[in-house]
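Each remark here refers to the structure printed beneath this line.
The values are calculated or read from the model by the stated rules, or taken from the named source; none is laboratory data. Please read these numbers as outputs of a predicted model, since none were measured by experiment. Methodologically, a virtual Cβ is constructed for each residue, glycine included, from the backbone with ideal geometry; neighbour enumeration extends over all protein chains shown. Ligands, DNA and RNA are excluded from the accessible area calculation, which covers all protein heavy atoms including side chains. Shrake-Rupley method; radii C 1.70, N 1.55, O 1.52, S 1.80 Å.
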Amino acid sequence: MALVGSLLKKGILFSNLVVNRKKSSLEVQQKKTLAKLLAKARYTEFGEKYDFDELLSNILFGKESAFYEQYQKTVPIHDYNKIFNEWWYRSLEGEKDICWPGKTKYYALSSGTSESASKHIPVTRAMSRAIQKTSIRQILSLGHYKDLPDDLYEKGFLMLGGSTNLNDQDTHFEGDLSGITAKQIPYWFRPYYKPGEKIAAQKDWGLKLEEITLQAHEWDIGFIVGVPAWIQLLMEKIISHYKVKTIHDIWPNLRVFAHGGVSFEPYRKGFEKLLAHPLIYINTYLASEGFIAYQTRPDAQGMSLVCDNGIFFEFIPFNEANFDSEGSLQPDPETLMVHQVEEGKEYALLLSTCSGAWRYLIGDTVKFIDKAKGEIAITGRTKHYLSLCGEHLSVDNMNKAVDLVSDEMGLTVKEFTVCGVEHDSMFAHHWYIGVDEANVDTDLLKAKLDQKLGELNDDYAVERKHALKDIIITVLPNSAFYKWMESKGKMGGQHKFPRVFKNFLIEEWKEFLIKNGYLTALV
């Protein structure tokens, strides 16, 4: 039995008991969190505009039931474009005390829209500390997993993320959040951290995977952390390079995989073929805007919201009263606090954070699995996104790319839809594009569309080199789309053809095309 591992395990078990001692209710935790956020930001320009002093006095000295109503009435809801164009652009240019005290040194680049290649999400010192604190809590939650061997706690942590070699923009540094957080890992954790500083700084993903593969046999990895697609690709590369059967032939002590970014379920079957024995899977919800939730116990169906560490949550019922058919927010939507939600219903998330996001619509939708424990599951996006492996392809990206390509090729594209499909052990996008012209060069259409999507969306460009193996183009007459709408009783100006088909609708669509002679049964 490893002495250091035994001591670490006992320390984690003890700390886990302390951290998980009976806490105040989620409502009380959230009230305290909001009060701390308002107090810290009250002298910023945002805080002065919306009179955070007055809001704070209502929380501390006003009626218990009225403080949230006052916050709702006073501070408007923001999407990214609104808060960036009104506030964040100033802090990005180096101004201080805009939405959070001081200057913001780091910005996480998040998935893009049709207006720009990437969003710039502020990552303040306070947020970095909050992420580290929640990360430590997640490690402490391993105390709930009773069968882990003592010496596992001496093994390496492989964290596969973005480059720590951040882009220097004079007034700030920017890059992937995973790169920002890896650059700031605590000193005490560095002996366990892999792939190490040199490889972590590598910006080229292909080279990074190659360098990790070449050194993999020298490491004793017990934990892996990352997006499922990247981890699966890496393990396949290592297995192939060393001509072994499973990843456990190289890392026999690998026991835990902490994953996030996309749903793990599409990967599970192919992933487990690479293993000699089962892993413990721990789900996490770490977004560019903050560490929102993580799985705290074995076999939990959801992730526990972090209600007492720098994020105040609000929930908008995801229904027709609050969102239109394109997923855009309606005026004056209903918003709820954590104690007001119902299990099983879908909600869009609003965040107010210690990075200076205020009532910020993050774009994700969740449902509560266990309201009492504050456990949630991610259900999707407010708008029609396609993200099989982290490509985060939005309808805005799709529309813009199709418009650009149709202009260049002289095509009349009125309708299209995209389906995410399996491609060997990975994924592909199958595009169905309606055109009026005959004899379309589908190879040229494919190449141009792929190129434009990569230019519009950074994440798509990266995933096309790795997990998103191909795009498939099927050209159809525009009449096929209208005939489908007619078959569904949805003809008319108020109805729109879905830009993304998912789940059972993919098979319905294919069956319709075959039945009506647009495709053969082999497509």
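For region 252-275, which residues satisfy the criterion of being more than 21 Å from SER178 (Cβ to Cβ), open to solvent by less than 40 Å² (accessible area, probe 1.4 Å) and at pLDDT below 90?
Within region 252-275, GLY270 is the sole residue that qualifies.
Residue by residue, here is whether (1) over 18 Å from GLU463 (Cβ atoms); (2) of a type in the set (Gly, Ala, Ser) holds:
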{"position": "CYS354", "(1), (2)": "yes, no"}
{"position": "PHE368", "(1), (2)": "yes, no"}
{"position": "SER387", "(1), (2)": "no, yes"}
{"position": "ALA401", "(1), (2)": "no, yes"}
{"position": "LEU411", "(1), (2)": "yes, no"}
{"position": "CYS419", "(1), (2)": "no, no"}
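Of the numbered conditions (1) in a loop (DSSP other than H, G, I, E, B); (2) at pLDDT 90 or above, TYR285 fails exactly one; give the number of that condition.
Here TYR285 meets the rest and fails (1).
Would you pick out the residues in region 469-489 that are among the hydrophobic types (A, V, I, L, M, F, W, C) and in contact with an Asp or Glu (Cβ under 6 Å, 6 or more places away or on another chain)?
Our first condition is that a residue be among the hydrophobic types (A, V, I, L, M, F, W, C); within region 469-489, this holds for 471-473, 475-476, 480-481, 484-485.
Hits for region 469-489 are ILE471, PHE481.
Only residues that are farther than 25 Å from THR353 by Cα and in contact (Cβ under 8 Å) with a residue 60 or more places away in the chain: list them for region 295-335, please.
Selection gives ARG297, PRO298, ALA300, GLN301, SER325, GLU326.
Being surrounded by 22 or more Cβ atoms within 10 Å (Cβ to Cβ), within 21 Å of PHE318 (Cβ to Cβ), at pLDDT 90 or above and out of contact with any Asp or Glu (no Cβ under 9 Å at 6 or more places or on another chain), is that true of even one residue in region 386-394?
Looking for residues that are surrounded by 22 or more Cβ atoms within 10 Å (Cβ to Cβ), within 21 Å of PHE318 (Cβ to Cβ), at pLDDT 90 or above and out of contact with any Asp or Glu (no Cβ under 9 Å at 6 or more places or on another chain), one finds none in region 386-394, hence no.
Kindly list the number of the only condition in (1) closer than 30 Å to LEU404 by Cβ; (2) modelled with pLDDT of 95 or more; (3) open to solvent by less than 40 Å² (accessible area, probe 1.4 Å) that fails for GLU86.
(3)
Within region 404-502, which helices (runs of 4 or more DSSP H) (wholly inside it) include 1 or more residues that are open to solvent by less than 50 Å² (accessible area, probe 1.4 Å) and within 23 Å of PRO228 (Cα to Cα)?
442-456, 458-463
For region 234-251, name all the residues that are aromatic (Phe, Trp, Tyr) and either at pLDDT below 90 or in contact with a Phe, Trp or Tyr (Cβ under 8 Å, 6 or more places away or on another chain) (or both).
The one that is aromatic (Phe, Trp, Tyr) and either at pLDDT below 90 or in contact with a Phe, Trp or Tyr (Cβ under 8 Å, 6 or more places away or on another chain) (or both): TRP251.
Does at least one position in region 152-171 carry a residue that is in contact (Cβ under 8 Å) with a residue 40 or more places away in the chain, surrounded by 15 or more Cβ atoms within 10 Å (Cβ to Cβ), assigned to a helix (DSSP H, G or I) and within 20 Å of the chain's Cα centre (by Cα)?
Within region 152-171 (the criterion being in contact (Cβ under 8 Å) with a residue 40 or more places away in the chain, surrounded by 15 or more Cβ atoms within 10 Å (Cβ to Cβ), assigned to a helix (DSSP H, G or I) and within 20 Å of the chain's Cα centre (by Cα)), the answer is no, since none of the residues qualifies.
With the requirement that a residue be more than 20 Å from TRP358 (Cα to Cα), modelled with pLDDT of 90 or more and among the β-branched types (Val, Ile, Thr), what does region 103-135 give you?
THR134 - this is the single residue of region 103-135 that is more than 20 Å from TRP358 (Cα to Cα), modelled with pLDDT of 90 or more and among the β-branched types (Val, Ile, Thr).
Return the total of residues in region 276-301 being farther than 17 Å from SER135 by Cα and open to solvent by less than 20 Å² (accessible area, probe 1.4 Å).
Adding up the residues that qualify gives 2.
Applying the selection to region 210-233, what residues are among the aliphatic types (A, V, I, L, M), modelled with pLDDT under 90 and either under 20 Å from LYS155 (Cα atoms) or assigned to a helix (DSSP H, G or I) (or both)?
ALA229, ILE231, LEU233
Hey, could you check region 172-207 for residues that are part of a strand (DSSP E or B) and of a type in the set (D, E, K, R) and say which is most open to solvent (accessible area, probe 1.4 Å)? Spell out how you get there, then give the answer.
Within region 172-207, the first condition is being part of a strand (DSSP E or B), and the residues that meet it are 173-175, 193-194.
From what is left, the residues that are of a type in the set (D, E, K, R) are 174, 194.
On the way: GLU174: 23, LYS194: 56 Å².
Here the answer is LYS194.
Restricting attention to region 30-65, which residues are in contact (Cβ under 8 Å) with a residue 40 or more places away in the chain, open to solvent by 20 Å² or more (accessible area, probe 1.4 Å) and in contact with an Asp or Glu (Cβ under 8 Å, 6 or more places away or on another chain)?
Answer for region 30-65, where residues must be in contact (Cβ under 8 Å) with a residue 40 or more places away in the chain, open to solvent by 20 Å² or more (accessible area, probe 1.4 Å) and in contact with an Asp or Glu (Cβ under 8 Å, 6 or more places away or on another chain): LYS32, TYR43, GLU45.
Say we look at region 423-454 and pick out the residues that are in contact (Cβ under 8 Å) with a residue 12 or more places away in the chain and of a type in the set (Asp, Glu); which of these is nearest to ALA480 (Cα to Cα)? If you could, list the steps in order and put the result at the bottom.
Here is the first cut: in region 423-454, the residues in contact (Cβ under 8 Å) with a residue 12 or more places away in the chain are 423-437, 440-442, 444-446, 448-450, 452-453.
Next cut, of a type in the set (Asp, Glu) only: 424, 436-437, 441, 450.
Working: ASP424: 29, ASP436: 11, GLU437: 14, ASP441: 19, ASP450: 23 Å.
Among them, the one singled out is ASP436.
Return the residues of region 292-325 that are of a type in the set (S, T, N, Q) and over 17 Å from the mean Cα position of the chain (by Cα); say none if nothing qualifies. Spell out the reasoning first.
Keep residues of region 292-325 that are of a type in the set (S, T, N, Q), which gives 295-296, 301, 304, 309, 319, 322, 325.
Residues satisfying the conditions are THR296, GLN301, ASN309, ASN319, ASN322, SER325.
Of the numbered conditions (1) closer than 30 Å to GLY270 by Cα; (2) touching a strand residue (DSSP E or B) at 6+ places or on another chain (Cβ under 7 Å), GLU415 fails exactly one; give the number of that condition.
(1)
Scan region 208-222 residue by residue and report those that are among the hydrophobic types (A, V, I, L, M, F, W, C) and open to solvent by 70 Å² or more (accessible area, probe 1.4 Å).
Passing the criteria: only LEU214.
How many of the residues making up region 343-393 are touching a Lys or Arg at 6+ places or on another chain (Cβ under 8 Å) and over 24 Å from HIS120 (Cβ atoms)?
10
For region 172-183, how many residues are charged (D, E, K, R) and free of Cβ contacts under 8 Å to residues at least 60 places away in the same chain?
1
In this structure, is VAL338 in contact with a Ser or Thr (Cβ under 7 Å, 6 or more places away or on another chain) and on the phi < 0 side of the Ramachandran plot?
Details: in contact with a Ser or Thr (Cβ under 7 Å, 6 or more places away or on another chain): no; on the phi < 0 side of the Ramachandran plot: yes.
No, not satisfied.
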